[in-house]
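Note sheet for the following structure.
The values are calculated or read from the model by the stated rules, or taken from the named source; none is laboratory data. Only a predicted model underlies this, so the values are computations on that prediction, with no experimental measurement involved. Here the Cβ positions follow ideal geometry from the backbone for every residue, glycine too, while neighbour counts run over all protein chains shown.
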Amino acid sequence: MGTEPHGREDSAWLDISTEARNDRTIGLDQRSTVEILEALNDEDSLAPAAVRRILPRMAELVDAAAESVRNGGRVHYFGAGTSGRLGVLDAAELMPTFNLPDGVVIAHHAGGTDALIRAVENIEDSWDAGTSAAADVRPGDVVIGIAASGRTPYVGGALTAGRERGAVTALIACASAPKLGPLADFVLAADTGPEALAGSTRLKAGTAQKLMLNGFSTALMIRLGKTWSNLMVSMVATNEKLRARTVRILMEATGDAEERCRETLESAGGELKVALAVLLSGATPAQARDAVEAAGGNVRNATDALAR
């Protein structure tokens, strides 16, 4: 492999860590296919450690978001390009996984639905577009901007509008010193460094953002009582595979036989949480349903109440 010049070190964009050139992948196009894949994988492997460093701050954001949702607030994601698409993906998966009602976690993507499939040029550079997208943010909501570079104007507009409307604000970024940081109450800057392909933040920065969104939303759902232990007891069984999974969840949680779990699930009207509360407490389906509703859907709190 030959060597190449590294370019002008005084280029304006080099102050963005996600845009800088990566010394470890110089001459990438001259490597064998497996060497290219190994180099990409080596860079991807840096993402989890970068995310790990910001987990204490993320925990504070999760707790703030849980309090907001319990009080009727909502969580808004704002992003453009890959960052925005990852926000849409995360929000979309919460309903089937956790039976989260529509309108609790809302994803706003620069350029709208069309931009999910085909890039819409320049929309991410519009501060006003971000401000407009945040028009329905209410006091007590949580506004989370997602921007690998930490400086996307669309996200900046949304964060500014969110703060003006009385929302808690947060920034998910992969730059060492995100420019939009002062607009956020919580800054989650997982510094992933230069990409294998300079500026291609769909790579390890995208991986880090996916990890951060996975962690944030899953921990939020756990804090909201959408799980029991490490089981998905709030999921919506929309097909045969998921209906079979609900029975397996009951078996895993209780140690009871498949037949009893099926019968209890049927007596509970197919409501997994109610069936689980019945099996764990010995209550009737009606008692279990009342307890689960009184506990806001939290099965552990419901069974504790039934045991008193």
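Close contacts from the range 225-243, counting a first residue that is farther than 12 Å from K273 by Cα and a second that is among the charged types (D, E, K, R) and assigned to a helix (DSSP H, G or I), with Cβ to Cβ under 7 Å and a gap of 6+ residues or different chains, come to A237/R243.
Scan the range 52-107 for residues that are closer than 29 Å to N122 by Cα, of a type outside the set (S, T, Y) and outside any loop (DSSP other than H, G, I, E, B) and the total you get is 17. Residues of the range 168-190 that are touching a Pro at 6+ places or on another chain (Cβ under 7 Å) and either buried (at least 24 other Cβ atoms within 10 Å of the Cβ) or outside the structural domain of S217 (by TED's automatic domain parsing) (or both): L171 alone.
Check whether at least one residue in the range 163-170 is touching a strand residue (DSSP E or B) at 6+ places or on another chain (Cβ under 9 Å), in contact (Cβ under 8 Å) with a residue 12 or more places away in the chain, within 22 Å of L55 (Cα to Cα) and part of a loop (DSSP other than H, G, I, E, B), and report yes or no. I'd like the intermediate steps shown before the answer.
Pass one, the range 163-170, residues touching a strand residue (DSSP E or B) at 6+ places or on another chain (Cβ under 9 Å): 163, 165, 167-170.
Filter again for in contact (Cβ under 8 Å) with a residue 12 or more places away in the chain, leaving 163, 165, 167-170.
Now restrict to residues that are within 22 Å of L55 (Cα to Cα): 167-170.
In the following step, the residues that additionally are part of a loop (DSSP other than H, G, I, E, B) were identified as 167.
Among the residues of the range 163-170, at least one is touching a strand residue (DSSP E or B) at 6+ places or on another chain (Cβ under 9 Å), in contact (Cβ under 8 Å) with a residue 12 or more places away in the chain, within 22 Å of L55 (Cα to Cα) and part of a loop (DSSP other than H, G, I, E, B), which makes the answer yes.
All told, T113 meets the bar of being over 14 Å from the mean Cα position of the chain (by Cα), within 30 Å of V236 (Cβ to Cβ) and without any contact (Cβ under 8 Å) to a residue 24 or more places away in the chain.
Could you please find all residues in the range 216-235 being within 30 Å of L265 (Cα to Cα) and part of a helix (DSSP H, G or I)?
Here is the first cut: in the range 216-235, the ones within 30 Å of L265 (Cα to Cα) are 217-235.
S217, T218, A219, L220, M221, I222, R223, listed by residue number.
With respect to the conditions (1) without any contact (Cβ under 8 Å) to a residue 24 or more places away in the chain; (2) part of a loop (DSSP other than H, G, I, E, B); (3) not small (G, A, S), L197 lacks only one, and its number is (1).
Here's the yes/no breakdown for (1) at pLDDT 95 or above; (2) within 26 Å of E93 (Cβ to Cβ):
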position	(1), (2)
L213	yes, yes
V247	yes, yes
T264	yes, no
E271	no, yes
S281	yes, no
A305	yes, no
R308	no, no
